[in-house]
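Peer 1: One structure is given below, represented as structure tokens, and several questions about it will come after.
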Amino acid sequence: MGLFSFFRKRKKEEGKLQPESKWKVEFKGSTITTTDYDGNEHSIALRVIHQIIIETNDSGPWGTDIWWRILSDDGILSVPGGATGEMEMLKNFQRFPNFDNEQLINAMGSTENAEFVVWKNE
């Protein structure tokens, strides 16, 4: 399955990805904002992001087996795979210079406990 087929499939199954799809992620101007299961909102400015990691684990398909970790000077913003807005988030991240699509592909194929650095501010 190709990378974009993987995300299209996840998008079609979004209603089935509870509770991951209850999370929302969106870009608002120069910030990225998440809203979690409980409605708590967290934001960070894009300019302070210094690394983006995809963390995988062996809890799938029943658990949340993919997490985006967005590291910044202000802390870590976490987004589960399957969150509403994940595709738009990915498209925005792929505009970052030197975004590593190969690491993204490796992460999407992983069923192990692992971390994949997909972008680092250098």
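The values are calculated or read from the model by the stated rules, or taken from the named source; none is laboratory data. From a predicted model like this one, the values you see are computed outputs, not experimental measurements. In this analysis, Cβ positions are derived from the backbone assuming ideal geometry, glycine residues included, and neighbour counts consider all displayed protein chains.
Peer 1: Among the residues of segment 93-120, which ones are hydrophobic (A, V, I, L, M, F, W, C), surrounded by 15 or more Cβ atoms within 10 Å (Cβ to Cβ) and either without any contact (Cβ under 8 Å) to a residue 60 or more places away in the chain or part of a strand (DSSP E or B) (or both)?
Peer 2: Phe93, Phe96, Phe99, Ala107, Phe116, Val118, Trp119
Peer 1: Taking the stated definitions as given, is Leu90 in a helix (DSSP H, G or I), in contact (Cβ under 8 Å) with a residue 40 or more places away in the chain and not hydroxyl-bearing (Ser, Thr, Tyr)?
Peer 2: yes
Peer 1: Taking the condition of being of a type outside the set (A, V, I, L, M, F, W, C), under 23 Å from Pro97 (Cα atoms) and not in a loop (DSSP other than H, G, I, E, B), how many residues in segment 35-73 meet it?
Peer 2: Total meeting the criteria: 7.
Peer 1: Select from segment 61-99 the residues that are more than 8 Å from the chain's Cα centre (by Cα), charged (D, E, K, R) and either more than 19 Å from Ser110 (Cα to Cα) or modelled with pLDDT of 95 or more (or both) and list them in ascending order.
Peer 2: Asp73, Asp74, Glu88, Lys91, Arg95
Peer 1: Another question about this same structure. Please determine, by comparing only the residues of segment 15-34 that are surrounded by 15 or more Cβ atoms within 10 Å (Cβ to Cβ) and within 24 Å of Pro61 (Cβ to Cβ), which one is modelled with the lowest pLDDT.
Peer 2: Leu17
Peer 1: Additional query: What residue, of Ile66, Ile70, Ile53, is in contact with a strand residue (DSSP E or B) (Cβ under 7 Å, 6 or more places away or on another chain), more than 24 Å from Gln18 (Cβ to Cβ) and either touching a residue at least 12 places away in the same chain (Cβ under 8 Å) or surrounded by fewer than 18 Cβ atoms within 10 Å (Cβ to Cβ) (or both)?
Peer 2: It is Ile53.
Peer 1: Also, quick follow-up: Hey, among the residues in segment 73-84 that are small (Gly, Ala, Ser) and in contact (Cβ under 8 Å) with a residue 60 or more places away in the chain, which one's nearest to Glu122 (Cα to Cα)?
Peer 2: Gly81
Peer 1: Do you know which residues across segment 39-49 are touching a strand residue (DSSP E or B) at 6+ places or on another chain (Cβ under 6 Å) and surrounded by 12 or more Cβ atoms within 10 Å (Cβ to Cβ)?
Peer 2: Of everything in segment 39-49, those that are touching a strand residue (DSSP E or B) at 6+ places or on another chain (Cβ under 6 Å) and surrounded by 12 or more Cβ atoms within 10 Å (Cβ to Cβ) turn out to be His42, Ser43, Ile44, Ala45, Val48, Ile49.
Peer 1: Somewhere in segment 80-87, is a residue closer than 25 Å to Ser30 by Cα and part of a strand (DSSP E or B)?
Peer 2: So far as segment 80-87 goes, yes, one or more of its residues are closer than 25 Å to Ser30 by Cα and part of a strand (DSSP E or B).
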